[in-house]
Amino acid sequence: MKTSRYSEEQIIGFLKQADGGMPIKELCRKGGFSDATFYKWRAKFGGMDVSDAKRLKELEGENAKLKKLLAEAHLDIHALKSVFGSKR
């Protein structure tokens with residue numbers, strides 16, 4: 001997955017500037033990103049503080065690890081059933 005060249009702190013800073021009254025077109029031009037990117041960030045990080053965004057990133061990483069563990073467990077169960085046969 002492509003990573004952003006902006007950190008969560010920078011993104012939240014841009015959002016706070018827009019909330020402060022800076023026109024979105026001007027903010028996007030100065031920041032070097034598109035309007036669509038700004039609105040995507042606002043949907044994801046709107047109303048968050050920097051600590052909230054860091055916690056969100058930690059939770060997403062933890063969720064990915066748990067999904068991987070669950071997939072491996074299901075794979076092991078499927079392999080065991082295919083080797084020993086299912087109970088009839």
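The C-alpha atoms of the chain define a longest principal axis, and helix 50-84 lies at about 20 degrees to it. Note on the chain: with a GNM built from Cα contacts shorter than 10 Å, the maximum mean-square fluctuation among ILE12, ILE77, ILE24 falls on ILE77. The angle between the Cα long axis of helix 8-19 and the main principal axis of the chain comes to about 40°, on a 0 to 90 degree scale.
Counting 0.36 nm for each residue step from SER34 to MET22 and taking away their Cα separation leaves a gain of 2.8 nm.
Of the residues ALA36, GLY13, ALA71, the one whose Cα sits farthest toward the positive end of the charge dipole of the chain, with +1 on the Cβ of Lys and Arg and -1 on the Cβ of Asp and Glu, is ALA71. Could you state the angle between the C-alpha long axis of helix 35-45 and the longest principal axis of the C-alpha atoms of the chain, as a value from 0 to 90 degrees rounded to the nearest 10? Compared with the principal axis, the helix lies near 60 degrees. Computed over the chain with a Gaussian network model linking Cα atoms closer than 10 Å, the most mobile of ALA73, ALA43, ALA18 is ALA73. Relative contact order of the chain: 28 percent, from C-alpha pairs under 8 Å at least 6 residues apart in sequence. Estimated from the Cβ-Cβ distance and a Förster radius of 35 angstrom, the FRET efficiency linking GLN10 and ALA71 is about 0.55.
Top mean-square fluctuation among LYS67, LYS16, LYS44, Gaussian network model of the chain, C-alpha springs under 10 Å? With Cα springs under 10 Å in the chain, the top fluctuation among LYS67, LYS16, LYS44 is at LYS67.
Cross-link reach is defined here as a Cα-Cα straight distance under 16 Å, omitting same-chain residues fewer than 8 places apart; for LYS30 the lysines meeting it are LYS16.
Laboratory data are not the source of any read-out in this text; all were calculated from the coordinates shown. Small disclaimer: the values here were computed from a predicted structure and weren't measured. We place every Cβ from the backbone using ideal geometry, glycine too, and count neighbours over all the protein chains shown.
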